[in-house]
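The values are calculated or read from the model by the stated rules, or taken from the named source; none is laboratory data. Values in this document were obtained by computation on a predicted structure and should not be read as measured data. Reconstructed Cβ throughout: ideal geometry from the backbone, glycine too, with neighbour counts over all protein chains shown. For the accessible areas, the whole protein counts, side chains as well, though only heavy atoms, and no ligand, DNA or RNA atoms are used. Shrake-Rupley method; radii C 1.70, N 1.55, O 1.52, S 1.80 Å.
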Amino acid sequence: MSRSDVEPGNDRRIPPREAHATLLIRNHGFHLYLRGGRRMARRSHQTEIGCIACDELAELGAGDREGWLDDPSLLAALHSHSLAVASATRPLVLVLGWDPDRRSPSSPRHPVKIHPSLSPSDGRIAALEWLPFDDLLALVLGTSSGLLLFYSVGGGLIHKQFVHPGRVLRLRFRETESKGGFAQDSVSEELCVVLPGVVARFDGTDIQSLLRRWLQESGSRMWENSRHKLESEDEISYGNIPFQLWNVGKFGDCSDAAFTGIMPPPLLELQSSQRYYGAVTIGDKSVISAYRLSEDRSRSLVGTILSKVVPVTFSTIASFSKLIWRSEQSATRKSHPTSQPFAKASPLTCLKDPPRKGEKLTLSPSGTLAAITDSLGRILLLDTQALVVVRLWKGYRDASCLFVEMLVNRDKASSSSRYYEYTKSDYCLCLAIHAPRKEIIEIWKMRTGPRLLTIQCPKGSKILQPSTRFVPSSQTPYIPLEVFILNGDSGQLSVLNRCVV
């Protein structure tokens with residue numbers, strides 16, 4: 001066989017073969033076509049993993065027009081085997097399972113409908129996010145009046161809490177990993193609630209504690225639909241979840257924000273047990289702003305009493321009052337409690353460049369990088385530790401970004417061992433940019449690497465990512481960060497392949 005017969009990039013015709021029929025072979029994401037003795041290879045960069053198409057999606061506008069998923073009033077949140085879709089114009093949330101084998105206990109076998117009972121003062125659904133805690137899973141909704149509603153997968157209302165007056169712009173649940181010296185690395189969770197000019201932080205242990213109390217009191221029926229039991233109650237008597245609140249509106253109201261991790265204390269300040277968090281915000285007046293947020297521990301004793309003892313005591317008294325004056329309670333309605341005081345927020349820097357406005361913010365798994373899209377079609381890559389823009393892309397209007405980990409040195413690893421298990425060092429952090437106007441997805445190597453892939457994406461698609469991923473132990477292989485593609489018109493859910501050849 002000559003050299004021209006085996007080189008894939010050679011344009012010279014291969015001698016006719018015995019079989020002239022068209023043959024399609026699919027193996028490891030490759031499509032191999034043999035047409036009349038001519039061989040052509042094409043790689044598929046995504047793998048279909050399920051379909052969410054169902055009749056219930058019509059209630060959210062599916063099928064009304066092409067690209068219905070592009071509606072800005074539609075909200076979506078992805079979990080390992082569940083997808084939550086909500087509409088801001090109607091009080092409806094659909095929990096859809098896309099696990100084809102139904103092997104996961106958290107994957108619903110049938111679509112679950114959640115109809116939040118929202119009064120005019122409660123507002124409308126404005127944000128949603130999954131809250132996964134090992135064996136516990138809940139869904140949190142944010143409203144346009146600053147309320148948080150916690151639901152089980154079965155649709156039961158678990159908890160209702162007021163945060164701050166204003167529209168909940170974003171809910172971001174995140175796992176943070178800290179190095180533990182000789183001990184194993186510890187993983188903590190946090191929920192970031194973004195409102196105009198305000199951010200709130202809920203510690204994952206406090207949320208998990210409330211979920212476990214609810215699980216015990218509900219008779220260990222976490223995954224059952226108990227909407228009829230809890231929706232009828234005006235107030236859930238589990239006490240308020242303690243949280244920290246900061247005012248980050250010094251440079252204008254923010255449209256999105258994220259906690260970047262724990263920061264060292266400022267210079268010339270005495271070392272204490274006080275903890276500082278880094279935060280990055282984006283908005284209309286200031287494209288990028290950075291803050292150092294301190295926990296308000298100056299009132300540690302008073303704060304503990306107000307945030308934990310008083311809510312539990314009040315909820316206990318309220319429970320007894322319901323038993324005695326249930327008929328009178330239905331006639332009266334309580335107003336939202338007042339907002340708690342702000343903790344100290346120290347501005348670090350800001351970038352003002354009118355008329356540019358910050359639109360979306362995406363944080364890397366470690367929190368050291370942030371991808372920010374603006375109103376001029378640009379994407380800024382921000383180093384959140386040095387607070388420096390290290391890269392800039394132009395010509396990406398209405399784009400969405402997600403960080404993803406792709407395999408590098410795959411040939412070297414696979415040739416060394418047949419059953420090679422990839423480690424974290426084999427993966428490279430990349431940025432997936434979805435440009436809906438161009439109908440493509442581009443994969444760029446971080447921080448200053450080249451463009452690795454360009455993938456065609458159908459109109460009306462959306463890129464999604466679970467809020468958390470399984471953190472492997474020393475005995476399990478490394479699970480990389482993945483990006484999923486949802487085609488709204490067909491209902492197909494795909495995942496980007498990890499390997500880049």
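For the residues G166, G156, the requirement of being at pLDDT 90 or above and farther than 20 Å from P242 by Cα singles out G156. Looking across region 74-89, the residues that are open to solvent by 20 Å² or more (accessible area, probe 1.4 Å) and either without any contact (Cβ under 8 Å) to a residue 24 or more places away in the chain or part of a strand (DSSP E or B) (or both) come down to L75, A76. Name every residue in region 158-179 that is farther than 11 Å from L191 by Cβ and open to solvent by less than 10 Å² (accessible area, probe 1.4 Å), in order of residue number. Selection gives I158, H159, Q161, V168.
Residue count for region 348-396 under the criterion of being outside any loop (DSSP other than H, G, I, E, B) and within 28 Å of E177 (Cβ to Cβ): the result is 21. The listed residues are V483, V404, V495, V471, and the only one of them that is of a type in the set (A, V, I, L, M) and at pLDDT below 90 turns out to be V471.
May I ask you to list the residues in region 383-406 that are of a type in the set (A, V, I, L, M, F, W, C), open to solvent by 10 Å² or more (accessible area, probe 1.4 Å) and more than 25 Å from L348 (Cβ to Cβ)? Within region 383-406, just L402 meets the criteria. Given the criteria at pLDDT below 85, assigned to a loop (DSSP other than H, G, I, E, B) and open to solvent by 70 Å² or more (accessible area, probe 1.4 Å), does S298 qualify? Yes, satisfied.
Look at region 107-133: where a residue is at positive phi and a partner is of a type in the set (V, I, T) and at pLDDT 95 or above, sitting 6+ places away or on another chain with Cβ atoms under 6 Å, you get G123/T143.
Scanning region 126-141 for residues that are among the charged types (D, E, K, R) and modelled with pLDDT under 90 turns up at least one hit. If you filter region 364-382 down to residues that are touching a Ser or Thr at 6+ places or on another chain (Cβ under 7 Å) and farther than 15 Å from V287 by Cβ, you find that the one that is surrounded by the most Cβ atoms within 10 Å (Cβ to Cβ) is L369.
Residues that are modelled with pLDDT under 75, touching a helix residue (DSSP H, G or I) at 6+ places or on another chain (Cβ under 9 Å) and under 24 Å from L96 (Cα atoms) are absent from region 234-241.
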